[in-house]
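Below is one structure, written out as structure tokens; the observations come after it.
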Amino acid sequence: MDIATLIAASWSAGVNAYLTVLLLGVSGRLGWAETPEALQQMWVLIAAGALFAVEFAVDKVPLLDSAWDALHTVIRPVIGAAIGVAIADPGANQLIAMLLGGGLAFTGHAAKASTRLAINSSPEPVTNSLASLGEDGVVAAIVVLSMTYPRVAALSAIVAMICFGLLAFVLLRLARGGLGALRRLATTSPPGP
């Protein structure tokens, strides 16, 4: 595997680490793609599958998903770093692969967590579920693409990183503006009779 696969898989791990590990591991175990053997071990696949199932459910519940994201602020970058090291060629500098994998996973995680925090300011639950399904779809597409067309997948991950970042910025500004309006409304006294 090459640097392009490392970029795509590590960034994807920042958005959904367990789905990324599960897809890479199953694909390698079934012989669909050449993936790190460490990800193909049965206990890794079982753990990743179970944790993906938990995340799939938790991710649909407003505020609970933000608590899950807060817990994963360390976990996702660590998994991204491990994926980076596992994917890097044996002759590559493992420290650079670890830092690149962890850094890309952190950017994916930060964009996801901040976007979800902004979405949670909306009172309806549908947006949260749609965002969760969309994130899983993007991760699945990029990981699968990384195994067949790594450069396209890396470019897609970079574009997704930029789009997620811009979306997070816009949503946080809108949420901040909406909260400010609610505060102003709450502090103004009602008109007298």
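The values are calculated or read from the model by the stated rules, or taken from the named source; none is laboratory data. Predicted, not measured: the structure shown is a model, and the values here were computed from it. With ideal geometry, Cβ positions are generated from the backbone for all residues, glycine too; neighbour counts draw on all protein chains shown.
Brief remarks follow.
- Selected residue (criterion: surrounded by the fewest Cβ atoms within 10 Å (Cβ to Cβ)) from residues of the stretch 57-74 that are in contact with a helix residue (DSSP H, G or I) (Cβ under 7 Å, 6 or more places away or on another chain) and in a helix (DSSP H, G or I): T73
- Remark: pairs (first residue in the stretch 100-114, aromatic (F, W, Y); second residue crowded, with 24+ Cβ neighbours inside 10 Å and in a helix (DSSP H, G or I); Cβ separation under 8 Å; 6+ apart in sequence or on different chains) = F106/G14; F106/R76; F106/P77; F106/G80.
For every residue, the table says whether it meets (1) polar (S, T, N, Q); (2) not in a helix (DSSP H, G or I).
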site	(1), (2)
A92	no, yes
L95	no, no
A105	no, no
G108	no, no
A113	no, no
R116	no, no
S122	yes, yes
N128	yes, no
G134	no, no
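- Count of residues meeting criterion [of a type in the set (K, R) and either surrounded by 24 or more Cβ atoms within 10 Å (Cβ to Cβ) or touching an Asp or Glu at 6+ places or on another chain (Cβ under 9 Å) (or both)] in the stretch 1-32: 0
- Selected residue (criterion: farthest from A70 (Cα to Cα)) from residues of the stretch 1-51 that are modelled with pLDDT of 95 or more and of a type in the set (S, T, Y): S27
- Residue in the stretch 164-184 that is within 18 Å of T20 (Cβ to Cβ), at pLDDT 95 or above and either of a type in the set (S, T, Y) or buried (at least 21 other Cβ atoms within 10 Å of the Cβ) (or both) present: no
- Residues within the stretch 130-154 that are in contact (Cβ under 8 Å) with a residue 60 or more places away in the chain and surrounded by fewer than 16 Cβ atoms within 10 Å (Cβ to Cβ), tallied: 2
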